[in-house]
Structures are given as C-alpha cells and as structure tokens.
Amino acid sequence: MITALAGGVGAARLLRGMVEVVDPSTITAIVNVGDDTRLHGLHIAPDLDTVLYTLAGLADPETGWGIAGESWTVMEELERLGGETWFRLGDRDLATHCYRTQRLSEGATLSEVTAELARARGVRVRLLPVSDDPVRTHLGLAGGGEVPFQEYFVRLRHDVAVSTVRFAGADEARPAPGVLEAVDDAEVVVVCPSNPVVSIGPVVAVPGLLEHLGRRRDDVVAVSPIVAGAAIKGPAARLMAESGFEPSVVGVARWYAPWASTLVVDRADEALAPAVEAEGVRCVVTDAIMSDVERAAGLAGAVLGAVGRPPS
Ligand code: FO1
C-alpha cells in the first residue's frame, strides 16, 4: 500500500501519474483541508476536489482546479444580484459543494462524503481528509491583519507578504479514520510536490501525524515543489522564504528532514544534491516536471523506486 500526503494541484498531478504505475486501489491520499472555506452557505474543499477531479479525469487542465469545460450560469446570475463572485464556482463544481453540504448537514462526516463523491466519479484511490474536524489555514499579513487561506490565495492573489501562518483548529483536530493506519501500514509514504507551508503544513499539524511519520522516516520520500529556486505553481517559494526557509531544494530538505529520509528533486537542481544530503536527507535527481501524464508516471515510478519499492 502506498500512502501520499497531498495538497492541491501538484499532488493531483503526481497521483494521476501514480495510478499509471500502480493499482489505484493500493493508494491512499491523505489530503489537506486547510484551504476549505464556506461560501454561499456551502462547504468548499478545494484540495479534496482538485485531487478527485484530476483522478476522475474531470479537472480543468489549465487551472488544475474546478471542472473542465464548465458553464458559469450561476456565477453570472450571482454577479447580476451583486453576490460574491471573486471565488469562481462553475455550475458542475457547485453540484459537488451542494452534495457535500447537504450530506454534512445530515450528519455525515467529511470522510464519508468524500468517499461517496469518489465512488460517484469512479475514483478508486482512497481519499481521506486528514481530519473530519475543521482545520483552517489563516495567514497573518506583514502589513497587519489576518486572512483565511482563500482570501490570501485568490482574492489577494497571494501577492502580499506573510508574517505568520496559523492552522486554526489543528490542536483539537483528530486524524480522520484510517489516516494514522495509512501512515503505519504503508510500504511507502510519498509527500507530494505540494506547498510545504500551507498544504503539507496543515496535514502534519494534526496531532499524531508527525509522530507516526517520524516512525516511518526511512520509508518517507518527498518530492520537491521547488525547482531551481521557484515553485512550479503558487506561492511555495515565497512562503518558505517568509517562514525563514531558503526557497530551494535545500530549504525543502531542511523542512522535511525530521520525518522524510529522501527528497526527489528535478535535474535543474542536480548541483544542489550534496547540499540536500548535508541536511541528512538522501537526494534523488530525476525529471520532476510533470508536463503531461506520461512525465507524471515517470516521476511516480522514480519516487516509488527511491525508497526501494519499484512499482509492482
Ligand atoms: N483558485 C483561483 O485562483 N481562483 C479561483 O477563483 C478559484 C476558485 C476555486 C473554486 C473551487 C476550487 O475547488 C478551487 C478554486 N481555486 C481557485 C483554487 C483554490 O484556491 C485552491 O485552494 C488552490 O488551488 C490552492 O490549493
């Protein structure tokens, strides 16, 4: 069994490659919920949806989030009404949020609803929210004030300096059913190329995760979301720098060193391999740019092989 710690787009792309090299039913993805937000009275779970839509072949390939070929009728009408439309919700995507919100209101857990949504869309990878309790990322702005994640990421286009990152609810949150077992029982634990600060951070902030991951360090392999000092997508490099970590594969190695034994980096960072290893983390150099499914499958094979378990 393979367990993956996942955020949004980068994780979805790697998982899409992984299902080409191993049986999807042997993969469990523990997904970040820190990006979740409530809008229009709906519970929106962007990272769970991005992973699900990508694995279901529904995701918009340009943005990586939402559903491809969407219509925006509701957003257009909402605009006319003067409602909130800064967070773009397509008509089919809204169905996901309506279904999830209705089921949660009936007392279902986020885990249960996620499993129902995955089954409905034919996704065989097991998707687990890291917790069924609320964990919400808030960012303290260097200029003052604090905003929830989506305000930072979408409304402010993450184009503001951040001074603090907080995961509200993390201390009281319990790992969702199956999460700790998925770490304990995995042959390999893959840390997907997601933002170490605001995507992997909220996952490992849930009590129990760091302890269980630390016990599996030899079998934990991370994929760097930073290539040649920049994030492939999103504010990872900026947030790492603002968190006091060098925005490079060396900074990523330092961030994960306590519980990951191996870091996979792109060929562009080959020269930094010795510096990564100086952090006590084994460095594997490969093609880490997932420009299409074949490249993602190649990366997945290299990742699974990195800790001695070539794809079955
Ligand atoms: N990201 C944006 O940059 N703009 C949006 O309008 C937007 C809408 C949106 C709707 C549903 C959803 O699941 C994700 C959405 N995202 C949007 C991405 C979202 O901000 C994610 O949290 C990021 O991709 C980070 O994981």
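Filter segment 71-124 down to the residues that are aromatic (Phe, Trp, Tyr) and within 26 Å of Ile30 (Cβ to Cβ), then identify the one that is farthest from the ligand (Cβ to nearest atom). Break it down into steps so the answer makes sense when it comes.
Of segment 71-124, the ones aromatic (Phe, Trp, Tyr) are 72, 86-87, 99.
Next, only the ones that are within 26 Å of Ile30 (Cβ to Cβ) stay: 87, 99.
Details: Phe87: 5, Tyr99: 14 Å.
Per the criteria, the residue is Tyr99.
Within the bounds of segment 19-41, is there any residue that is open to solvent by less than 20 Å² (accessible area, probe 1.4 Å), away from the ligand (no atom under 11 Å from the Cβ) and touching a Cys at 6+ places or on another chain (Cβ under 6 Å)? Don't jump to the end; show me each part of the working.
First, pick out the residues of segment 19-41 that are open to solvent by less than 20 Å² (accessible area, probe 1.4 Å): 22, 27-36, 39.
Checking which are away from the ligand (no atom under 11 Å from the Cβ) leaves us with 22, 27-30.
Still in the list and also touching a Cys at 6+ places or on another chain (Cβ under 6 Å): none.
Looking for residues that are open to solvent by less than 20 Å² (accessible area, probe 1.4 Å), away from the ligand (no atom under 11 Å from the Cβ) and touching a Cys at 6+ places or on another chain (Cβ under 6 Å), one finds none in segment 19-41, hence no.
Look through Pro193, Pro258, Pro247 and report the one residue that is of a type outside the set (Val, Ile, Thr), in contact with a Leu (Cβ under 9 Å, 6 or more places away or on another chain) and over 29 Å from Pro134 (Cβ atoms). Full working, then the answer.
On the way: Pro193 fails: over 29 Å from Pro134 (Cβ atoms); Pro258 fails: over 29 Å from Pro134 (Cβ atoms).
Among Pro193, Pro258, Pro247, only Pro247 is of a type outside the set (Val, Ile, Thr), in contact with a Leu (Cβ under 9 Å, 6 or more places away or on another chain) and over 29 Å from Pro134 (Cβ atoms).
Which of the residues that make up segment 109-147 are open to solvent by less than 10 Å² (accessible area, probe 1.4 Å) and assigned to a loop (DSSP other than H, G, I, E, B)?
Val125, Val130, Val135, listed by residue number.
For segment 148-171, what are the residues that are in contact with a His (Cβ under 6 Å, 6 or more places away or on another chain) and either closer than 27 Å to Thr3 by Cα or open to solvent by 70 Å² or more (accessible area, probe 1.4 Å) (or both)?
Of everything in segment 148-171, those that are in contact with a His (Cβ under 6 Å, 6 or more places away or on another chain) and either closer than 27 Å to Thr3 by Cα or open to solvent by 70 Å² or more (accessible area, probe 1.4 Å) (or both) turn out to be Arg166, Ala168.
Sort out which residues of segment 181-232 are more than 16 Å from the ligand (Cβ to nearest atom), surrounded by 23 or more Cβ atoms within 10 Å (Cβ to Cβ) and small (Gly, Ala, Ser), and write them in order of number.
Result: Ala182, Ala222, Ser224.
Across segment 67-124, which residue is farthest from Glu151 (Cα to Cα) among those that are among the aromatic types (Phe, Trp, Tyr) and without any contact (Cβ under 8 Å) to a residue 24 or more places away in the chain? First the steps, then the outcome.
Within segment 67-124, the subset among the aromatic types (Phe, Trp, Tyr) is 72, 86-87, 99.
So of that shortlist, the ones also without any contact (Cβ under 8 Å) to a residue 24 or more places away in the chain come out as 72, 99.
On the way: Trp72: 21, Tyr99: 24 Å.
Selected residue: Tyr99.
Kindly state which helices (runs of 4 or more DSSP H) lie completely within segment 190-289 and contain at least 2 residues that are over 25 Å from Arg136 (Cα atoms).
Qualifying helices (runs of 4 or more DSSP H): 249-256, 273-277.
Return a yes/no flag: does segment 2-11 have any residue that is β-branched (Val, Ile, Thr), in contact with a Ser or Thr (Cβ under 9 Å, 6 or more places away or on another chain) and either closer than 18 Å to Ala176 by Cα or away from the ligand (no atom under 16 Å from the Cβ) (or both). Spell out how you get there, then give the answer.
Going residue by residue through segment 2-11, those that are β-branched (Val, Ile, Thr) are 2-3, 9.
The next check asks that each one be in contact with a Ser or Thr (Cβ under 9 Å, 6 or more places away or on another chain); those that pass are 2-3, 9.
Of the ones still in play, those that are also either closer than 18 Å to Ala176 by Cα or away from the ligand (no atom under 16 Å from the Cβ) (or both) are 2-3.
Among the residues of segment 2-11, at least one is β-branched (Val, Ile, Thr), in contact with a Ser or Thr (Cβ under 9 Å, 6 or more places away or on another chain) and either closer than 18 Å to Ala176 by Cα or away from the ligand (no atom under 16 Å from the Cβ) (or both), which makes the answer yes.
Report, by residue number, each residue of segment 53-103 that is part of a helix (DSSP H, G or I), surrounded by 16 or more Cβ atoms within 10 Å (Cβ to Cβ) and among the hydrophobic types (A, V, I, L, M, F, W, C).
Within segment 53-103, the first condition is being part of a helix (DSSP H, G or I), and the residues that meet it are 53-55, 73-81, 91-103.
Retained after the next criterion (residues that are surrounded by 16 or more Cβ atoms within 10 Å (Cβ to Cβ)): 53-55, 74-75, 93-94, 96-97, 100-101, 103.
Residues satisfying the conditions are Leu55, Val74, Met75, Leu94.
Would you mind telling me which numbered condition in (1) open to solvent by less than 40 Å² (accessible area, probe 1.4 Å); (2) closer than 23 Å to Leu128 by Cα Arg13 fails?
(1)
Determine which member of the set Asp292, Asp269 is acidic (Asp, Glu) and open to solvent by less than 20 Å² (accessible area, probe 1.4 Å).
Details: Asp292 fails: open to solvent by less than 20 Å² (accessible area, probe 1.4 Å).
Checking each option against the conditions leaves just Asp269.
The values are calculated or read from the model by the stated rules, or taken from the named source; none is laboratory data. In this text, all values refer to a predicted model and were calculated from it rather than measured experimentally. Reconstructed Cβ throughout: ideal geometry from the backbone, glycine too, with neighbour counts over all protein chains shown. These accessible areas exclude ligands, DNA and RNA; they are computed on the full protein's heavy atoms, side chains included. Shrake-Rupley method; radii C 1.70, N 1.55, O 1.52, S 1.80 Å.
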